[in-house]
Structures are given as C-alpha cells and as structure tokens.
Amino acid sequence: MFMRRVVGNSMAPVLKPGDIVFAKKIHHMHIYANSIVIANINGKEIIKRVGLVKNGKVFLIGDNKAASTDSRTFGLVPCNVVLGKVVFWVPNIVARFNSRLMKH
C-alpha cells in the first residue's frame, strides 16, 4: 500500500486537490475499466480513471475532462505503467471547509 496527494482538478468532483489517496500495487492482469489508478506517464505520476483495457494497454481519462491531460492526448499506454489501484481516499477537509467559508 502506498499513498499520494492529489494535485490538480482532473479527477474532480470525486478527487480534489489536497485529498490523500491510498493505492494498492496490482498486477497488470487485474486492471479493470472504471477503476481509479495511479500511473507513471513519462516520469510523472498521474491519477486517472481506467476507461478501457485492451490488448495489454489502458485508456486513462480524468473525470473532469475539461481539466485533464489524459489518453485523449497521449493515447493508450501499456498496462505496466499502472503503479496501483486507488482503494480509498481521505478528503482534504481543511481545504473544503475553507472553500465553503469563502463562499459565505
């Protein structure tokens, strides 16, 4: 199990900046559509949803398509770039609370 902090809005509204995700290392044979995964793309770790798994490759896409650089840009990627599957996350309560205070 390993953890990462969410940076950026590409997975909003499910995951928001500052949220902490916990991921479990998985074998590439256990990658399924709709899972949220952490992948290493060109030396940069990204958190995306699996849109498609086909012939040993995955299509990764952000939930917030307008704010996401994903497989629509870089295409299908080999399954072995997937580092792990997100199994749970902890919202950044402080940031969300402050955001609500600023609106009022």
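The values are calculated or read from the model by the stated rules, or taken from the named source; none is laboratory data. If you're wondering where the values come from, they're calculated on a predicted model, not measured in any experiment. As a convention, Cβ positions derive from the backbone with ideal geometry for all residues, glycine included, and neighbour counts pool all protein chains shown.
Of all the numbered requirements in (1) among the hydroxyl-bearing types (Ser, Thr, Tyr); (2) surrounded by fewer than 14 Cβ atoms within 10 Å (Cβ to Cβ); (3) in contact with a Lys or Arg (Cβ under 7 Å, 6 or more places away or on another chain), residue 32 misses one, and that requirement is (3). Within the stretch 79-104, residues that are more than 19 Å from residue 47 (Cβ to Cβ) reach partners that are at pLDDT below 95 with beta carbons closer than 8 Å, at six or more positions or on different chains, in the pairs 94/18.
So how many residues does the stretch 21-39 have that are farther than 18 Å from residue 71 by Cβ and among the β-branched types (Val, Ile, Thr)?
First, the residues of the stretch 21-39 that are farther than 18 Å from residue 71 by Cβ: 21-27, 29-30.
From what's left, among the β-branched types (Val, Ile, Thr): 21, 26.
Result for the stretch 21-39: 2.
Counting only strands (runs of 3 or more DSSP E) that sit wholly inside the stretch 1-69, those with at least 1 residues that are on the phi < 0 side of the Ramachandran plot and free of Cβ contacts under 8 Å to residues at least 40 places away in the same chain are 2-5, 44-54, 57-61.
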